[in-house]
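The values are calculated or read from the model by the stated rules, or taken from the named source; none is laboratory data. These numbers were taken from a predicted model, which means no experiment stands behind them. Cβ: placed from backbone, ideal geometry, glycine included. Neighbour counts: every protein chain shown.
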Amino acid sequence: MLPQNAEIFLIIQLLISMYICSLSHPKCIQILTFLLYFLILQTSYGYMWQGHDSLLYSTDKDINILNTSRNSGGRMRTINVVRNLSQAAAVAYNYDMQQICWSDHALENIQCTNYTGYNTSKESTNNTTVVITEVLSVDGLACDWFTNKLYWTDSEANRIEVATMDGKQRKVLFWTELDQPRTIALIPMKG
């Protein structure tokens with residue numbers, strides 16, 4: 001399912017803007033990465049979040065959702081989902097469980113919170129659960145929403161790991177011949 005021409009134009013505009021921004025602001029690279037990932041999901045699988053085109057991204061202190069559909073004033077709406085984090089890095093969304101998960105470098109853990117979409121207030125209640133502890137530097141995080149598993153890369157421990165969404169059944173998948181693994185992406189439909 002491909003987006004309409006107007007949506008393609010908007011996505012191209014966003015990608016160009018984020019690329020230009022990333023030349024002078026390193027945090028824009030995170031957003032650009034998620035835009036590209038979102039574009040792949042939408043064009044390949046018709047992926048939509050609650051019927052809205054949305055982008056989930058993290059900054060050091062916040063987890064945000066950018067609704068790429070413009071409002072009546074021509075602006076995109078940003079929703080702050082989680083605030084006042086220590087040092088957020090990777091972020092992922094479990095579509096089946098409607099959970100947002102992120103890694104925190106300062107706390108050396110992975111946390112999740114429920115998020116049901118646009119019918120909530122401007123932010124969540126920050127009811128977070130620490131799912132994984134004893135990680136050093138999680139730079140990549142991905143949710144398999146078919147099997148409800150969480151995958152992550154730890155660039156300091158040089159490992160790629162997996163666990164169920166409740167943190168149980170944790171397993172190291174790869175630990176040899178890895179040099180600072182960073183991002184990770186899954187295609188759950190492919191297994």
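Find the residue count for the stretch 94-112, including only residues that are modelled with pLDDT of 90 or more and surrounded by 18 or more Cβ atoms within 10 Å (Cβ to Cβ).
We begin by selecting, within the stretch 94-112, every residue modelled with pLDDT of 90 or more; these are 99-112.
Applying the additional criterion that residues be surrounded by 18 or more Cβ atoms within 10 Å (Cβ to Cβ) yields 99-105, 108-112.
Result for the stretch 94-112: 12.
Taking the conditions exactly as written (in contact with a Leu (Cβ under 8 Å, 6 or more places away or on another chain) and within 22 Å of Thr113 (Cα to Cα)), does Leu150 satisfy them or not?
yes
Within the stretch 158-190, take every residue that is more than 19 Å from Asp96 (Cα to Cα) and of a type in the set (Asp, Glu) and give me the one that is modelled with the highest pLDDT.
This residue is Glu161.
For the stretch 139-146, does any single residue satisfy the condition of being over 17 Å from the mean Cα position of the chain (by Cα) and either buried (at least 18 other Cβ atoms within 10 Å of the Cβ) or touching a residue at least 12 places away in the same chain (Cβ under 8 Å) (or both)?
no
When residues of the stretch 157-187 are filtered for being under 28 Å from Asn114 (Cα atoms), of a type in the set (Asp, Glu) and assigned to a loop (DSSP other than H, G, I, E, B), how many remain?
1
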